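This report concerns only the one structure given below.
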Amino acid sequence: MPVLKLFTPPTIPGQIAESLARDLETHCQQVLGAPPETIQIVLVPVQMLRGPSVLVEAHYCAQPHLDARALDAFMTAVDQSVQQHLALVPRIRCFAVNAAQLSASH
């Protein structure tokens with residue numbers, strides 16, 4: 001973990017998506033302290049019917065160092081990367097997952 005899901009317009013070129021993913025991976029490592037092998041980034045092309053053209057959902061393991069200040073820094077970095085690469089302002093939602101309640105494989 002973390003898992004980032006980006007719901008975006010369906011016309012994002014592969015090279016731009018890859019550049020954005022690299023930025024997001026860096027933010028997960030540097031701001032959230034996530035090991036590279038635990039990071040998942042998913043681009044979901046959708047037709048948004050209401051609201052901003054990009055929705056970012058970030059699920060991460062709750063840890064004491066991931067307080068409001070850290071999440072604010074993370075969301076600011078994600079916001080800037082989305083705007084830089086997609087020229088769109090995202091809506092960002094972060095969800096803490098209690099590790100004791102998490103069941104996962106691989």
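Read-outs throughout are calculated quantities, based only on the coordinates presented, and are distinct from any laboratory measurement. Bear in mind the structure is a predicted one, so any value in this text is a computation, not a measurement. Glycine also receives a Cβ, built like all others from the backbone with ideal geometry; neighbour counts cover every protein chain displayed.
Overview of results
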{"item": "Contour excess over end-to-end distance, with Cα ends at Gln101 and Leu88 and 0.36 nm allotted per residue", "result": "1.2 nm"}
{"item": "Acute angle (nearest 10 degrees) that the helix 68-86 long axis makes with the longest principal axis of the chain, alpha-carbon atoms", "result": "20"}
{"item": "Anisotropy class of segment 32-77 from Cα gyration tensor, a/c 1.5 cut", "result": "oblate"}
{"item": "Base-10 log of normalised Debye intensity for segment 1-103 (one unit scatterer per alpha-carbon) at q = 0.10, 0.11, 0.15 Å⁻¹", "result": "-0.26, -0.31, -0.58"}
{"item": "Additional length obtainable on full extension of the chain from Val46 to Gln30, 0.36 nm per residue less Cα span", "result": "2.9 nm"}
{"item": "Total charge dipole magnitude, the chain, about the Cα centre, Cβ charges on Lys, Arg, Asp, Glu only, Debye to nearest 20", "result": "280"}
{"item": "Highest-fluctuation residue, Gln29, Gln80, Gln63 considered, GNM on the chain with Cα pairs under 10 Å", "result": "Gln63"}
